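The values are calculated or read from the model by the stated rules, or taken from the named source; none is laboratory data. What you are looking at is a predicted structure, and each value in this text was computed from that prediction instead of being measured. Backbone-built Cβ (ideal geometry, glycine too); neighbour counts: all protein chains shown.
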Amino acid sequence: MNKIAKTMASLAYKWVASIALMLSLALIAGIWHLGSNSMIACGFFGAFFIFAGTRPGAKLLLVAAAAGAGYAACYGWLGGPINRAYLVALISAGAFLGIGSITVMAWQAIWTTRPENRASNAALRDALVLPAFSLVAGLGMDWANGFPERTYDHLLYAFDGTLFGIPPGQTVAALFRNFRWMGGTASFAYQALLIFPPLYRGWALYRGLKSSINAIYAFVAAGVAGFILYQVCPAEGPIYSFGARFPNRLPDWREISLTPYLSAGVHNAIPSMHMTWALLILWSALELGPLALALAGGLVGFTLLATLGSGEHYLVDLVVSVPLAFAVWSAFRRDSLRTALGLSLVCAWLIYLRTGAFLPCPGIVNWMFIAATLAAVGTAEYLKDRAAWGLHSALGARE
């Protein structure tokens, strides 16, 4: 009798857990407007690639697709907002597919306890990381930017001015107008960036690679570090600082006040997290071979163009992202010396910019500082054991 009671209790628990899971996912989709919020949608979309990387078979993939369609139907029936823009709509559709994938992996964890499902359980944990991070990051940014804060945009703008004279964002925006395919591809790279860490994680799972570094966790760690660093030299980006004057009527940096001013905008310009994340994806691609490396290299290039052409960042924001990405990757390799080097370079740049110490320097000196930063990171990475970096596997070399 006790055995029957335990069996019934176990079945009741599994049914309640399954139903609670589905209701929770449907509720999250509605609260965070999965049909129009591309950032949150990207986090869920990536779950599908991790699920596919476990080689679940055609049957389970169809179940995940059916579950995703069910979530999408419920979302539409309840009147959830839908962005009709092609790219956002595509990402949103992928997000519901990702929710369906999470559901299937969770069902496996709830209903089966076989040893062969351990890999699936680990994949489920990975699949939940970015959605959770996206939700928490959104709340954190709303809280941190809920009141006016001093912004140092004009100093960052002035630094770029010492390098070029003509703002680089203006040049890239003109390039986008002349080559629309380039602007469209850059926009995709910028908006869909959060899809790539789980894509590459799923790729590694599919190939059975036991990566020493989980790109998804490195991605989240960089996001946390970036949020902290935003507070050191708060800035918004030229499109927010100059409004309608971006990109064609930007002023000469010598003619504007460089005094920090109060702004209630979102201060997430420096360091550029989009570039930091793109570089981390490039590092994670090294173990996957030439195709993954070429795709990640293109992502870095178009992310660079998108950050400048959209007016979201200054060029120096991208420079500071290089040692930050290096520091995060080194931390996951448990290399304290290189982690310290990367963080020291980041902090030095933020202090240099916030204090305006660069203003007396001619442009050539600032170019030398940029070159020295890139050279320091490149040299330190080259001197690191190349096998740990993954260079041999990426190029197909033999030991």
I'd like to know if segment 279-289 contains one or more residues that are in the same structural domain as GLY265 (by TED's automatic domain parsing) and under 21 Å from CYS233 (Cβ atoms).
yes
Where in segment 32-142 are there helices (runs of 4 or more DSSP H), lying fully within it, with 2 or more residues that are touching a helix residue (DSSP H, G or I) at 6+ places or on another chain (Cβ under 7 Å) and without any contact (Cβ under 8 Å) to a residue 24 or more places away in the chain?
86-111
Considering only segment 271-286, state which residues are surrounded by 23 or more Cβ atoms within 10 Å (Cβ to Cβ) and not in a helix (DSSP H, G or I).
PRO271, SER272
Would you confirm whether or not segment 209-227 contains a residue that is out of contact with any helix residue (DSSP H, G or I) (no Cβ under 8 Å at 6 or more places or on another chain) and farther than 26 Å from ARG354 by Cα?
yes
Restricting segment 304-330 to residues that are assigned to a loop (DSSP other than H, G, I, E, B) and not hydroxyl-bearing (Ser, Thr, Tyr), the one farthest from TRP349 (Cα to Cα) turns out to be GLY311
Check whether at least one residue in segment 285-293 is at pLDDT 95 or above and closer than 24 Å to LEU199 by Cα, and report yes or no.
no
Return the only residue of ARG254, ARG249 being outside any helix (DSSP H, G or I), closer than 21 Å to LEU156 by Cα, charged (D, E, K, R) and in the same structural domain as ASP160 (by TED's automatic domain parsing).
ARG249
Among the residues of segment 331-377, write down those that are farther than 19 Å from ALA269 by Cα, touching a helix residue (DSSP H, G or I) at 6+ places or on another chain (Cβ under 7 Å) and without any contact (Cβ under 8 Å) to a residue 24 or more places away in the chain.
THR339
So, in segment 166-214, of the ones that are assigned to a loop (DSSP other than H, G, I, E, B) and touching a residue at least 24 places away in the same chain (Cβ under 8 Å), which residue ends up surrounded by the fewest Cβ atoms within 10 Å (Cβ to Cβ)?
SER212
Determine whether TYR206 is in the same structural domain as THR259 (by TED's automatic domain parsing), within 27 Å of VAL88 (Cβ to Cβ), in contact with a helix residue (DSSP H, G or I) (Cβ under 8 Å, 6 or more places away or on another chain) and of a type outside the set (A, V, I, L, M, F, W, C).
no
On the basis of being of a type outside the set (Gly, Ala, Ser) and closer than 30 Å to THR151 by Cα, does ASN268 make the cut?
yes
Check on ARG125, closer than 30 Å to SER211 by Cβ, modelled with pLDDT of 80 or more, loosely packed, with under 15 Cβ neighbours inside 10 Å and out of contact with any Pro (no Cβ under 9 Å at 6 or more places or on another chain)
yes
Exactly one of PHE219, PHE227 is surrounded by 15 or more Cβ atoms within 10 Å (Cβ to Cβ) and in contact with a Leu (Cβ under 9 Å, 6 or more places away or on another chain), and that one is PHE219
Selection from segment 141-165 of residues within 30 Å of LEU97 (Cα to Cα) and either surrounded by 14 or more Cβ atoms within 10 Å (Cβ to Cβ) or of a type in the set (Val, Ile, Thr) (or both) yields MET141
